[in-house]
Number of protein chains: 2
Amino acid sequence: MRAYNFCAGPAALPTAVLEKAQAEMLDWHGKGLSIMEMSHRSKDYVAVAEKAEADLRKLMNIPENYKVLFLQGGASLQFSAIPLNLLGKNNKADYIHTGIWSEKATQEAQRYGDINVIEAGTTLDGKLAITDQSTWNLSDDAAYVHYAENETIGGIQFAHIPETNKPLVADLSSSILSAPIDVSKFGLIYAGAQKNIGPAGLTLVIIRDDLLDQAKAEIPSLLKYSAQAKNESMVNTPATYAWYLSGLVFEWLLEQGGIDAIYQANLAKAELLYGYIDSSDFYANPIAKPNRSIMNVPFTLANADLDKQFLKEAEENHLLNLAGHRSVGGMRASIYNAVPLEGVQALVDFMDDFAKRNA
Amino acid sequence: MRAYNFCAGPAALPTAVLEKAQAEMLDWHGKGLSIMEMSHRSKDYVAVAEKAEADLRKLMNIPENYKVLFLQGGASLQFSAIPLNLLGKNNKADYIHTGIWSEKATQEAQRYGDINVIEAGTTLDGKLAITDQSTWNLSDDAAYVHYAENETIGGIQFAHIPETNKPLVADLSSSILSAPIDVSKFGLIYAGAQKNIGPAGLTLVIIRDDLLDQAKAEIPSLLKYSAQAKNESMVNTPATYAWYLSGLVFEWLLEQGGIDAIYQANLAKAELLYGYIDSSDFYANPIAKPNRSIMNVPFTLANADLDKQFLKEAEENHLLNLAGHRSVGGMRASIYNAVPLEGVQALVDFMDDFAKRNA
């Protein structure tokens, strides 16, 4: 049986997607071979790749003046590619710091240019929160402003898109496709696939046309957005199977009613889990309400000595991968698109039972 | 039914491997989730990753002073990573030119340092061949010597490993695991997975310990061999599913009797196909015998006007992806490890029938 999987990434995929991939594994559409055994330049594969992009454009309502790239290397390789492509003549950018992932992006960018780090963490009634933009010391001469829309480890998320007249660059790894977002407000959006898109090994970059061709000459060819855009993400062989699986996820999302529908489902899941945590004396979430992530819900038990017991019993109840990130401890339930409401209900039921037995 | 797939890459995978992956797709080893839905840091996944490396080490007899890295980006990203990591103080390297892939590696390396290009193409009795090493003008002060052991597009392969007192760097993308090779002769071996290893999206790097930590400070973190080695290829989330599938391929190779056994099978396939081509007035292969690839067999028809008809009829006979690379035309049969002797026999039977009907 399939368990409920709350892993932060690589994360749960829709069962229907895995079933389709399973059925097609040895013989894709009666062609006598697996999709992963096909040339990326074959007519059949190119059609699969193009349909995936078209479906993503439909889901996210991506304007025509944006290119969509299906790359390798994870969001972390974009931590390098973004400054190498976009720092420009001033060699300067603003990075908003809200947690571990925005910090990692900053550290990598600092190797290439002058990075203005804006500390945006604060507390609100004793809970962690993101400061109001009015307090930020943004540079006049930054080539772009970078932020991580949702911090996967901390479980802290922006309530609004920052306003800037500079190109806005956003790491959407753990929130892409979870809620509607106005792509036209961004210069560049990037996301590792292994949360809401597909399997690990694929990275999406959505980039406005005018930012494509600003790379310094000496950067690795595969990191050059202009080269990847010109070659439809096939400067070399892309991660064809991961791209195909992502296409199946996009089809599944359209079948669910698109992003508006999945957002309503995600809100219901988040409200159920946060609502239960808030009603409990046994569990606590450290984030102020306006900045709570709807995808990653960290929580602690009243007595940390019970953590191991909690994880063990959860697993026995088919509730998997609830341990918090090794850097912070505690618990974390990642409730991405593929985690159904019933899974969150099962988790809440288990949490309640556990609390009653251990209070 | 499964067809015989002669694609140059992404290429045929063993049917037994795909069947195992299919069976495990939704529920890996009764754990309630797919292997691609698991954290790369989970105990279960780390065991899968480590077993894949151990099996590869066994297959290739990799000495202990070599690290094995499972990376993303394809061999083409290594075209950048290799010079960025290894060019050293002299900023100089020798690149042996034998075809399109060694040329691509050279062009990328030329963006970072002083590259001495050694033209190693020649003709022997009117056929293409690789010059004897005694004619090469190798540099005294090169940081390394680079070559492509097998040119996938040209179908030309080295008969011997070049001798050098510099670190030898080899692109083995289309020949790795096809024949025994003495790893200790190399400083670095790299290979895109999508021929003899697994699906596209994974790249193997086998690197001697002393070469790990020579990168210039400003290179992207993910391209730094020292960082990847220190983090067991998990500086960030690796291509977990591709890594898992590669592990299944390694297990399959061990079941076949290892590299010696698969090499004998590969020799039999190559002898069958080249033998038929040589015996025919209708087909021709352009490569001199000592340098014929045992993996990629390009051939032409006596009348190029028949190419389309040949490909169409081949496909009707379940013999797929025989068109030559778009840059050279003609035909090419890639007969990687996963293509069985029966597939090559079926191809030869079809070729013979086609020739008789069209001579």
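Descriptive notes on the structure:
- For A:LEU254, inter-copy label distances in nm, listed shortest first [label point 7 Å out on the Cα-Cβ vector]: 4.3
- Estimated dipole of chain B in Debye, rounded to 20 [Cβ of Lys and Arg +1, of Asp and Glu -1, Cα centre]: 600 debye
- Separation between Cα centres of the stretch A:1-57 and the stretch A:231-255, rounded to whole Å: 8 Å
- The trypsin sites (Lys or Arg not before Pro) of the stretch B:155-224 meeting both criteria, a DSSP state outside H, G, I, E and B (loop) and at most 16 other C-beta atoms within 10 angstrom of the site's C-beta, are B:LYS216.
- When the charge dipole of the protein assembly as shown is built from unit charges on Cβ atoms (+1 for Lys and Arg, -1 for Asp and Glu) and taken about the Cα centre, the candidate among B:ASN150, B:PRO167, B:VAL339 whose Cα reaches farthest toward its positive end is B:PRO167.
- The listed peptides A:318-326, B:347-355, ordered by packing as a protection proxy, come out as A:318-326, B:347-355 (highest mean of other Cβ atoms within 10 Å first).
- Of the cross-linked pairs A:LYS67/B:LYS308; A:LYS195/B:LYS31; B:LYS51/B:LYS195; B:LYS92/B:LYS195, those separated by over 25 Å at the C-alpha level are A:LYS67/B:LYS308; B:LYS92/B:LYS195.
- Peptide-level mean, for B:235-245, of C-beta atoms on other protein chains within 10 Å: 6
- If you take the Cα centroid of the stretch A:271-295 and the Cα centroid of the stretch A:121-183, the two points sit 20 Å apart.
- Considering only the protein assembly as shown, percent of DSSP beta bridges that pair antiparallel, nearest 5: 60 percent
- Between copies, the label points of A:PRO340, set 7 Å from Cα on the Cα→Cβ line, lie 4.0 nm apart, reported in increasing order to one decimal in nanometres.
- Inverse mean reciprocal Cα-Cα distance (Kirkwood Rh) of the stretch A:258-357, Å: 13.8 Å
- Farthest towards the positive end of the charge dipole of the protein assembly as shown, among the residues B:PHE282, B:VAL183, A:ALA93, is the Cα of A:ALA93, using unit charges on the Cβ of Lys, Arg, Asp and Glu.
- In a simple Cβ point-charge model (Lys, Arg +1; Asp, Glu -1; nothing else charged), the protein assembly as shown has a dipole of about 480 debye relative to its Cα centre.
- Computed from the C-beta positions of B:HIS160 and B:VAL46, the FRET efficiency with R₀ = 41 Å rounds to 0.60.
- For the stretch A:230-359, size of Cβ-based charge dipole, Lys and Arg +1, Asp and Glu -1, in debye: 460 debye
- Here the Karplus curve 6.51 cos²θ - 1.76 cosθ + 1.60, taken at θ = phi - 60°, turns the phi angles of the stretch A:224-239 into couplings of 7, 4, 4, 5, 5, 5, 4, 9, 6, 6, 10, 4, 9, 5, x, 6 Hz, with x standing for Gly and Pro.
- Compactness of chain B - radius of gyration and Dmax, Cα, Å: 20.8, 63
- Inter-copy separations for A:SER327, label at 7 Å along Cα-Cβ, nm, ascending: 4.1
- For the peptides A:299-307, B:246-254, B:104-112, A:146-154, the ranking by mean Cβ contacts within 10 Å, running from highest to lowest, is A:146-154, B:246-254, B:104-112, A:299-307.
- Sequence ranges B:1-9, A:170-178, ranked by mean other-Cβ count within 10 angstrom, highest first: A:170-178, B:1-9
- Pair B:THR123, B:ASP281: separation of 7 Å Cα→Cβ label points (nm): 2.3 nm
- Counting, for every residue in A:22-35, the Cβ atoms of other protein chains within 10 Å of its Cβ and taking the mean gives 5.
- Stokes-Einstein diffusion of the stretch B:104-248 at 37 °C, 0.692 mPa s viscosity, Kirkwood radius from Cα pairs, rounded to a whole number: 193 µm²/s.
- Peptide A:75-83 has a mean shielding of 4, counted as Cβ atoms of other protein chains within 10 Å of each residue's Cβ.
- Solution diffusion estimate, µm²/s, Stokes-Einstein, the protein assembly as shown, Kirkwood Rh from C-alpha pairs, 37 °C, viscosity 0.692 mPa s: 123 µm²/s
- Computed with the Debye formula from one identical point scatterer per Cα of the stretch A:40-180, without solvent, the log10 of I(q)/I(0) at q = 0.12, 0.13 Å⁻¹ comes to -0.56, -0.65.
- Hz values of 3J(HN,Hα) by residue in the stretch A:344-351 - Karplus curve (6.51, -1.76, 1.60), Gly and Pro given as x: 5, 4, 5, 5, 4, 4, 5, 4
- Estimated 222 nm signal from helices in chain B, with DSSP H stretches of n ≥ 4 weighted -39500 (n - 2.57), rounded to 500: -11000 deg cm²/dmol
- Stretchable slack from B:GLN133 to B:LEU341, in nm (0.36 nm times residue separation minus alpha-carbon distance): 71.5 nm
Rule-based calculations on the coordinates, nothing more; no lab input. Bear in mind that the values here come from a model prediction, so they are computed numbers and not experimental data. Positions of Cβ are backbone-derived with ideal geometry, glycine not excepted, and every protein chain shown enters the neighbour counts.
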